[in-house]
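Notes for the one structure printed next.
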Amino acid sequence: MIFVAVVYASMLFSYSVVFKSSLTTSGGPVTMLELVEASETDVPIEVLEKIIVAYVPVNSSLSLNKKYLLNLVKRRIGDVQARIDDVPVVIEAKPVESTTKGSEHQTLTNEKLREIILEELKGRYPQGTEFKLKSQVGQLLDHDSYSVSVQIANKSSPFVKVTLRKAGRIVGYLLFQYEAILLRNIAVASRKIEKGEIIGIKDVEYVEYNVLALNKVPVFEDDLPLLADKVFSKGEIIDMRNTKDVPIVIKGQFVKAYSRVGGVTVSILAQALEHGYVGSVISIKNIDNGSIVKGTVQENGTVIVLEVE
């Protein structure tokens, strides 16, 4: 009964996620929220918004493996179910523009205009994003209707155009350039980190940055530990594109290794001489006699020996 209850509870609290096959977005960081089908995903929005999966410059594209995306979600929320296939999610970044028509016979004040612009911008950005006005061209003229156009080529610099009309004719424009600011604490190397080292919480410090202005994929506390795939200098932002998942077997770790000799399975204690992921062939050292053999890493962290010396 206890076992059944545990299984039922696990199923009850398991989340599900469905990834899109493609996404068209503006240039800059891409969040997990943009990559999922909202109507078929029950992972909380606030979790998905905080996962930055890629940086895609404007007028470029990127393909991401669904298994990689699922692992990013699992790091944050645990058990998640998803349909995984070999078809990648294709992200295309290009300038995005949309226009909202204002009500007829409605005029704007400067205060009302600011409210409308901020409402338009906030609907296109993650929660918590602030907007700082950098420049303004034009001023309010006598009008009886208006429309607001938002253009985003890069997420950090949205552009807003307000068109003023009087009796159906255009009488003027107002142009606004904003800076979009989303402050997050991201991981920065607190020491020099060599390629192949495991990056843990003691190897980084967290510094507040505007993640929308970064051209890197930042690492947050929930993302660690990771394996460094390059040398990071002290003070350098950890870019997730230059990391890997921590392997199931770590170099120097003691593991159980199994070999089959004459129909009999023999187990030994060995030391891993290199990192190993599931299915990887690595070299291990027999603790008893010092011999070095190769074996395949299993899901449970053991190694099946391929040869016996």
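The values are calculated or read from the model by the stated rules, or taken from the named source; none is laboratory data. If you're wondering where the values come from, they're calculated on a predicted model, not measured in any experiment. Backbone-built Cβ (ideal geometry, glycine too); neighbour counts: all protein chains shown. What goes into the accessible areas is simple: the full protein's heavy atoms, side chains included, and nothing from ligands, DNA or RNA. Shrake-Rupley method; radii C 1.70, N 1.55, O 1.52, S 1.80 Å.
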Enumerate the helices (runs of 4 or more DSSP H) found wholly within segment 6-115, keeping only those where 2 or more residues are among the basic types (Lys, Arg), in contact with a strand residue (DSSP E or B) (Cβ under 7 Å, 6 or more places away or on another chain) and at negative phi. 66-77
Single match in 292, 284 (criterion: within 22 Å of residue 197 (Cβ to Cβ), at pLDDT 90 or above and β-branched (Val, Ile, Thr)): 284
Would you pick out the residues in segment 200-215 that are β-branched (Val, Ile, Thr), at pLDDT 95 or above and touching a Leu at 6+ places or on another chain (Cβ under 8 Å)? 204, 211
Would you confirm whether or not segment 289-297 contains a residue that is of a type in the set (S, T, N, Q), open to solvent by 60 Å² or more (accessible area, probe 1.4 Å) and not in a strand (DSSP E or B)? yes
Report every pair of residues separated by at least 6 positions or lying on different chains whose Cβ atoms are under 9 Å apart, first residue within segment 67-88 and under 10 Å from residue 17 (Cβ atoms) and in contact (Cβ under 8 Å) with a residue 60 or more places away in the chain, second in a strand (DSSP E or B) and open to solvent by 80 Å² or more (accessible area, probe 1.4 Å). none
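With a cut-off of at least 1 residues that are open to solvent by 20 Å² or more (accessible area, probe 1.4 Å), name the strands (runs of 3 or more DSSP E) lying wholly within segment 150-255.
Once the strands (runs of 3 or more DSSP E) in segment 150-255 are filtered for at least 1 residues that are open to solvent by 20 Å² or more (accessible area, probe 1.4 Å), what remains is 159-166, 169-181, 183-189, 204-210.
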Residue satisfying all of: in segment 116-140; without any contact (Cβ under 8 Å) to a residue 60 or more places away in the chain and loosely packed, with under 12 Cβ neighbours inside 10 Å; farthest from residue 183 (Cα to Cα) among these: 139
Name the single residue, out of those in segment 30-64 being among the hydroxyl-bearing types (Ser, Thr, Tyr) and under 18 Å from residue 185 (Cα atoms), that is most open to solvent (accessible area, probe 1.4 Å). 55
Scope segment 265-288; condition within 15 Å of residue 300 (Cα to Cα), among the hydroxyl-bearing types (Ser, Thr, Tyr) and open to solvent by 60 Å² or more (accessible area, probe 1.4 Å); matching residues: 267, 277
Which residues, taken from segment 81-95, are modelled with pLDDT under 90 and open to solvent by less than 60 Å² (accessible area, probe 1.4 Å)? 82
Somewhere in segment 253-267, is a residue within 23 Å of the chain's Cα centre (by Cα), at pLDDT 90 or above and not aromatic (Phe, Trp, Tyr)? no
